[in-house]
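The values are calculated or read from the model by the stated rules, or taken from the named source; none is laboratory data. Quick caveat: nothing in here was measured; it's all calculated off a predicted structure. Using ideal geometry, Cβ is built from the backbone for each residue, glycine included, and neighbour counts are taken over all protein chains shown. SASA here: full protein model, heavy atoms, side chains in, ligands and nucleic acids out. Shrake-Rupley method; radii C 1.70, N 1.55, O 1.52, S 1.80 Å.
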Protein chains: 4
Amino acid sequence: MNSFGRKFKISIFGESHGKSVGVTIDGCPPGIKLDEADFLSDLDRRKSGAKGTTPRQETDLPEIISGVFNGFSTGAPITIIFKNEDTRSKDYSKLKEHPRPGHADFTAFKKYNGFNDYRGGGHFSARLTLALVSAGVVAKKLISPIDIRAQLISVHGNSNIEQAIDDAISKGESVGAIVECIASNLPVGLGEPFFDSVESVISHLVFAIPAIKGIEFGSGFKAAQMYGSEHNDLILDESGKTSSNHAAGINGGITNGNEIVFRIAVKPTSSISKAQETFNLKTGKLEQLMIGGRHDVCVALRVPVILEAVTAIALADFFLISGLNHLTNT
Amino acid sequence: MNSFGRKFKISIFGESHGKSVGVTIDGCPPGIKLDEADFLSDLDRRKSGAKGTTPRQETDLPEIISGVFNGFSTGAPITIIFKNEDTRSKDYSKLKEHPRPGHADFTAFKKYNGFNDYRGGGHFSARLTLALVSAGVVAKKLISPIDIRAQLISVHGNSNIEQAIDDAISKGESVGAIVECIASNLPVGLGEPFFDSVESVISHLVFAIPAIKGIEFGSGFKAAQMYGSEHNDLILDESGKTSSNHAAGINGGITNGNEIVFRIAVKPTSSISKAQETFNLKTGKLEQLMIGGRHDVCVALRVPVILEAVTAIALADFFLISGLNHLTNT
Amino acid sequence: MNSFGRKFKISIFGESHGKSVGVTIDGCPPGIKLDEADFLSDLDRRKSGAKGTTPRQETDLPEIISGVFNGFSTGAPITIIFKNEDTRSKDYSKLKEHPRPGHADFTAFKKYNGFNDYRGGGHFSARLTLALVSAGVVAKKLISPIDIRAQLISVHGNSNIEQAIDDAISKGESVGAIVECIASNLPVGLGEPFFDSVESVISHLVFAIPAIKGIEFGSGFKAAQMYGSEHNDLILDESGKTSSNHAAGINGGITNGNEIVFRIAVKPTSSISKAQETFNLKTGKLEQLMIGGRHDVCVALRVPVILEAVTAIALADFFLISGLNHLTNT
Amino acid sequence: MNSFGRKFKISIFGESHGKSVGVTIDGCPPGIKLDEADFLSDLDRRKSGAKGTTPRQETDLPEIISGVFNGFSTGAPITIIFKNEDTRSKDYSKLKEHPRPGHADFTAFKKYNGFNDYRGGGHFSARLTLALVSAGVVAKKLISPIDIRAQLISVHGNSNIEQAIDDAISKGESVGAIVECIASNLPVGLGEPFFDSVESVISHLVFAIPAIKGIEFGSGFKAAQMYGSEHNDLILDESGKTSSNHAAGINGGITNGNEIVFRIAVKPTSSISKAQETFNLKTGKLEQLMIGGRHDVCVALRVPVILEAVTAIALADFFLISGLNHLTNT
């Protein structure tokens, strides 16, 4: 389903070339200061325009159509929509027959018996991440003073990010990247054993972001090469502070008060300027496909703010489930 | 919560040193051939006793107490319990004050205000994976002819697994490992965009297994170092078969008919024979802790069958949500 | 929460005097013919203007902003919004202090710590039933050929409805009523034992409609005065047809193929033209309150189409949960 | 599904003639004093043996197999099972072909393709209400000091209950009844608008009890005959106390601090001593059926404690959702 959360529950909707994309946040407590200007900074970080991102120009102005009154959340569902403006549908008519490699064109066509909106990827478009970022803005306010920061740490295996982008542009290629996210100032006790472990819920939401191929917490894949005596984080005091943080701030699925740290792998953008082959569903033959339009060279450039958003959404849900809220917390 | 799934819904319960651990499976369709003997093979793969695993001896005989009649599932909830027999509670009394590094002792104590059953980790015990494996046995039958196979591919960075285990034993250490899982013979169309992507649901369940630190699908973390033209899997025919499988059989969160492939990182067992320091919650001082009892040198040795189980559970849920069931499928 | 359903899942949002009210329907299968004109007939039945309903004039034109492409549902979430136009906020400023008897003003104020949008009842407004009726239109299409019909059977205890309305108008009063709903052409097997019985899910949704005080299925409260031999419906043939229908087409929570029949009690509209006393939250005194604005004399006049809608929503969810859909059904 | 609740979540399982029936309660906070003796009083009220109830003798001793340690809830799932002892399966073999009027035999057979356990109604047996009563015992402790009392107010339309029972016994009949439930000492603010109104959730659970045909809150069906000025409950003070209680303590789906009052209609027991006709699924003919075994003359005699239980379960869930718990509450 297109919704997530038990108490801080978000539902997303919309298509790349439909009328709007948007999100409804149900379960947000009353009394959170909120207006449309609060969204602009995070939306701007997600926005197109930077080197290596598509020049599609959207104003991306959020419109809050419910749930906020006199500048505060009311406790009723908050719905935020973004009108689609720069929709060049003619660019996409070919996709009906030519599923683009790496995209959801083929799977969507099969799953929805050909009724899916294929224009610009339709509902599968990364444009839906506007909804995630918006919900993240509300979640961040709710979980304050928890602080969440994500950043690109390498592109195409290179920590000199600008150089890697230039190289890809010059080759008509796209490139993958690694993004790291750190949440700090956490209470002990968020999360639950087994199915609602902090790692379970964060990874669930992280893989809702298009193009993610892997996630690792704390020591991550390096843990597979470590001894137990190296890996164990020694508890130093009553607050739960540990000597190292291989556990990524989580034991038994529950926050231990140390930082939550995780990294994700972002694949290279599937749309590239080079010619590719694909199967033509109509002719039944392999054919060459040139993907027109304008696309991100490195979709990961937009990912940090989205990653912060889904992490905040996960923590907001745990926060409320635990009976905490921003009023009692501050 | 201790339940998961929308249509194939599992709820687990129990503690390491309580009366029983068990699972209820709600939503399993009627007509699946099922008796207690069907569980033994997978339970045996999970069982203690192998070199590198703890010699705790449990008979681990499943008792089906509801939902099966005349050898077939009835459509009513299936509850399976395992009586706990070899419970040496005296070994664990010290844990009340000495939270073991790497375990949930500290977080459970804080989250549950000291009311948690701390004996052997209580509800956080890996013994609860009996419940997961059992649910997996039912799920595997349901999703037939989908085939799921997981195996250890390296221990402590070494593909010579036996040698790595021997090394760890000789050092009084524990070691981490990598496990790979492959699901084949899949229909196109399982999974949903965004929150219920196949990756989201599988990773959610995978991180419900204790000791997992990372997961990567298909190209995984290597994708971060690839170009788009390398990464894209070309579609070759109408069935969706692709030339390569960097996407791990999933596009836009939905199965494309190719194999689902993923790998997970398992941390070294937290319980080790060496002395460790930890904070004593009663005295307020750092103290040396020797963990008695008998423990796995490499917990990952038990993980493949658990990993298969949770993958089967995830696919069974998608399967039923899609309106498929084992009768229409076969 | 403001959402309902497991597979046909609806989420409603909006306030009486906010920008919009609306609904998102998640889980609707692809291929259902759908455009905005399809909603007009049911929306018209709900609309204000009839004798005994408030003259508030809303155009109530639905705008489908996602999930429909080329005239068919796509399988992605369908969001439908209604802009609020005739909002006279000044009428309502007094409500901040004077909770109206019979309304949610007091409970909303307390629950949301005074942050609720109190204008016209805010999120508690019956205007939100636009969202229910719209979801009902989609649900009715999905469950075709099941047919659902609801009608007023008495007003103020009188089957001469017009006379009862005239009497109430002349007295400055409002009046209650009974509405009956019948669903026919049902398959055997919708619903589940215990928590998801057909009666459970229908009544859950029925009590989501404002002003409902009771529901009874089949023999209803008369069953309390019957003998078993009178009440039992004898099964006549293999299709499950019964000699009588005291069971309302449901045994053990599951449809038996006969008609689902139920009746609901609707209370008199809480807003009346007469002066009433209420507690002033600011002055701490009982004061006289005159409710301005224009209000329904008998809110039940609008209820039949809403009752059909929620019944259709309940059945649509059961329909999809059972693995049926409109394509396989027709 | 066989589970209910968002934070106080119960899952029930078992069959009349299987090994056990039981319940898992997930989400119960730690620190609630709980042992097996606590269940006996409510279980005894539900028990067979009273005049007008079946003489089937079950010891009905609850066994807590998880979630309780040292006499207190731990925060982990609480599972309680009841072994079935007095199971005379031979009595029921005929039911495979002869669906009993008023029972779920026919619908279960169709829904589960003949795989259902038909012995004594299988999973549809009223024996599953043991699970509801047990969960109710825990819920009542959790919501203390809220007090819930249900009682029979009439049998077969007669407030002289004993006489009505004697009359039915003498005729070989069964009889219906009305039960009333009152919850007092409530906080303001439990429940939510629309789908999770207090009436929605209570009625959902009430219709999970077998044999219920109707429910009405406060003024109930009489509201349909009232004027608004009669029905409105005037608010008298800051606590929300009202002059009358037609609203049953609920406005806009949310508790207003006054008593929750509702009544339910219970149908006559479907199993009667008289001969009845039914359709034989094997011979395809109408045949006479004599239901052997021993049955309740008035199943409603057992209902009050079950009704209290489901009301407590509903309130416990609202209680926890609202961030309250028994420790902060007392």
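Restricting attention to region C:1-25, report how many residues are surrounded by 24 or more Cβ atoms within 10 Å (Cβ to Cβ) and either of a type in the set (A, V, I, L, M, F, W, C) or farther than 20 Å from C:Ser203 by Cα (or both).
Number of matching residues: 13.
Anything in region A:179-188 that is in contact (Cβ under 8 Å) with a residue 60 or more places away in the chain and open to solvent by 10 Å² or more (accessible area, probe 1.4 Å)? List them, or say none. I'd like the intermediate steps shown before the answer.
First pass over region A:179-188, keeping only residues in contact (Cβ under 8 Å) with a residue 60 or more places away in the chain: A:179-184, A:186-188.
Residues satisfying the conditions are A:Glu180, A:Ile182, A:Ser184, A:Leu186, A:Pro187, A:Val188.
So if I check each of C:Ile165, C:Ile169, which one is open to solvent by 10 Å² or more (accessible area, probe 1.4 Å), within 14 Å of another protein chain (Cβ to nearest Cβ) and over 26 Å from D:Lys213 (Cβ atoms)? Let's see the steps before the verdict.
Working: C:Ile165 fails: open to solvent by 10 Å² or more (accessible area, probe 1.4 Å).
The unique qualifying residue is C:Ile169.
Can you go through A:Gly253, A:Gly249, A:Gly220 and tell me which one is crowded, with 22+ Cβ neighbours inside 10 Å, in contact with a Lys or Arg (Cβ under 7 Å, 6 or more places away or on another chain), within 17 Å of A:Ser203 (Cβ to Cβ) and in contact (Cβ under 8 Å) with a residue 40 or more places away in the chain? Explain how you work it out, then say what you get.
Details: A:Gly253 fails: in contact with a Lys or Arg (Cβ under 7 Å, 6 or more places away or on another chain); A:Gly249 fails: in contact with a Lys or Arg (Cβ under 7 Å, 6 or more places away or on another chain).
Just a single option satisfies the conditions, and that option is A:Gly220.
With closer than 30 Å to B:Ala126 by Cα and not small (Gly, Ala, Ser) as the only criterion, which of A:Leu307, A:Leu289, A:Leu324 stands out?
Numbers: A:Leu307 fails: closer than 30 Å to B:Ala126 by Cα; A:Leu289 fails: closer than 30 Å to B:Ala126 by Cα.
Sole residue among the options that is closer than 30 Å to B:Ala126 by Cα and not small (Gly, Ala, Ser): A:Leu324.
If you scan region A:226-237, which residues turn out to be within 7 Å of chain B (Cβ to nearest Cβ) and either surrounded by fewer than 21 Cβ atoms within 10 Å (Cβ to Cβ) or within 26 Å of A:Ala300 (Cα to Cα) (or both)? Explain how you work it out, then say what you get.
Start the filter on region A:226-237 by keeping residues that are within 7 Å of chain B (Cβ to nearest Cβ), which leaves A:226-229, A:231-237.
Residues satisfying the conditions are A:Tyr227, A:Ser229, A:Leu234, A:Leu236, A:Asp237.
Keeping to region B:266-308, report how many residues are under 25 Å from B:Asn158 (Cα atoms) and either within 11 Å of another protein chain (Cβ to nearest Cβ) or of a type outside the set (D, E, K, R) (or both).
Of the residues in region B:266-308, the ones under 25 Å from B:Asn158 (Cα atoms) are B:266-274, B:294-308.
Narrowing the set further to residues that are either within 11 Å of another protein chain (Cβ to nearest Cβ) or of a type outside the set (D, E, K, R) (or both) leaves B:266-274, B:295-301, B:303-307.
Adding up the residues that qualify gives 21.
Within region D:191-212, can you find the residues that are of a type in the set (Gly, Ala, Ser) and more than 7 Å from chain C (Cβ to nearest Cβ)?
Start the filter on region D:191-212 by keeping residues that are of a type in the set (Gly, Ala, Ser), which leaves D:191, D:197, D:200, D:203, D:208, D:211.
Once the filter is applied, which keeps residues that are of a type in the set (Gly, Ala, Ser) and more than 7 Å from chain C (Cβ to nearest Cβ), region D:191-212 yields D:Gly191, D:Ala211.
Restricting the search to region A:9-58, which residues are β-branched (Val, Ile, Thr) and modelled with pLDDT under 95? Break it down into steps so the answer makes sense when it comes.
Start the filter on region A:9-58 by keeping residues that are β-branched (Val, Ile, Thr), which leaves A:10, A:12, A:21, A:23-25, A:32, A:53-54.
Listed by number, the residues that qualify are A:Thr53, A:Thr54.
Does any residue of region B:268-284 turn out to be farther than 26 Å from A:His231 by Cβ and touching a Gly at 6+ places or on another chain (Cβ under 7 Å)?
Within region B:268-284, not a single residue is farther than 26 Å from A:His231 by Cβ and touching a Gly at 6+ places or on another chain (Cβ under 7 Å).
Do we have any residue at all in region C:185-192 that's over 29 Å from D:Arg127 (Cβ atoms) and not hydroxyl-bearing (Ser, Thr, Tyr)?
First, pick out the residues of region C:185-192 that are over 29 Å from D:Arg127 (Cβ atoms): C:185.
In the following step, the residues that additionally are not hydroxyl-bearing (Ser, Thr, Tyr) were identified as C:185.
Within region C:185-192, one or more residues are over 29 Å from D:Arg127 (Cβ atoms) and not hydroxyl-bearing (Ser, Thr, Tyr).
Looking at this structure, is B:Glu308 among the acidic types (Asp, Glu) and open to solvent by 10 Å² or more (accessible area, probe 1.4 Å)?
Details: among the acidic types (Asp, Glu): yes; open to solvent by 10 Å² or more (accessible area, probe 1.4 Å): no.
Judged against the criteria, B:Glu308 is not a match.
Against the conditions (1) over 18 Å from B:Arg100 (Cα atoms); (2) at the interface with chain B (Cβ under 8 Å from one of its Cβ atoms); (3) hydrophobic (A, V, I, L, M, F, W, C); (4) out of contact with any Asp or Glu (no Cβ under 9 Å at 6 or more places or on another chain), where does A:Ile215 fall short? Just the number, please.
(4)
Filtering region C:141-156 down to residues that are buried (at least 22 other Cβ atoms within 10 Å of the Cβ) and within 14 Å of chain D (Cβ to nearest Cβ), which residue is farthest from C:Ser184 (Cα to Cα)?
Looking at residues that are buried (at least 22 other Cβ atoms within 10 Å of the Cβ) and within 14 Å of chain D (Cβ to nearest Cβ), I get C:His156.
Run B:Ala300 past the list (1) surrounded by 21 or more Cβ atoms within 10 Å (Cβ to Cβ); (2) under 30 Å from A:Phe279 (Cα atoms) and report the number of the one that doesn't hold.
Unmet for B:Ala300, out of (1) surrounded by 21 or more Cβ atoms within 10 Å (Cβ to Cβ); (2) under 30 Å from A:Phe279 (Cα atoms): (2).
Looking only at region B:70-80, count every residue that is within 7 Å of chain D (Cβ to nearest Cβ) and either within 20 Å of the chain's Cα centre (by Cα) or surrounded by fewer than 24 Cβ atoms within 10 Å (Cβ to Cβ) (or both) and tell me the total.
2
The conditions are (1) at pLDDT 95 or above; (2) more than 30 Å from D:Ala247 (Cα to Cα), and C:Thr107 fails exactly one of them. Which is it?
(2)
Within region B:34-41, can one find any residue that is within 27 Å of D:Asn84 (Cβ to Cβ) and not in a helix (DSSP H, G or I)?
Going through region B:34-41, the residues within 27 Å of D:Asn84 (Cβ to Cβ) turn out to be B:34-40.
Filter once more, keeping what is not in a helix (DSSP H, G or I): B:34-35.
Yes; the residues of region B:34-41 include at least one that is within 27 Å of D:Asn84 (Cβ to Cβ) and not in a helix (DSSP H, G or I).
Restricting attention to region B:32-46, which residues are open to solvent by 10 Å² or more (accessible area, probe 1.4 Å) and in contact (Cβ under 8 Å) with a residue 40 or more places away in the chain?
So in region B:32-46, the residues open to solvent by 10 Å² or more (accessible area, probe 1.4 Å) come out as B:33, B:35-38, B:40-42, B:44-46.
B:Lys33, B:Asp38, B:Asp42, B:Arg45, B:Arg46, listed by residue number.
Quickly run through region C:278-291 and pick out the residues that are open to solvent by 50 Å² or more (accessible area, probe 1.4 Å) and within 21 Å of C:Ala168 (Cβ to Cβ). Please lay out each step first, then the result.
The initial filter retains those residues of region C:278-291 that are open to solvent by 50 Å² or more (accessible area, probe 1.4 Å), namely C:282-283, C:285-288, C:290.
Within region C:278-291, C:Met290 is the sole residue that qualifies.
Out of D:Val175, D:Val138, D:Val133, I need the residue that is in contact with a strand residue (DSSP E or B) (Cβ under 7 Å, 6 or more places away or on another chain) and within 30 Å of B:Val23 (Cβ to Cβ). Which one? Explain how you work it out, then say what you get.
Details: D:Val175 fails: within 30 Å of B:Val23 (Cβ to Cβ); D:Val133 fails: in contact with a strand residue (DSSP E or B) (Cβ under 7 Å, 6 or more places away or on another chain).
Within the list D:Val175, D:Val138, D:Val133, the selection yields D:Val138.
Is there a residue in region D:260-273 that is modelled with pLDDT of 95 or more, buried (at least 24 other Cβ atoms within 10 Å of the Cβ) and among the polar types (S, T, N, Q)?
no
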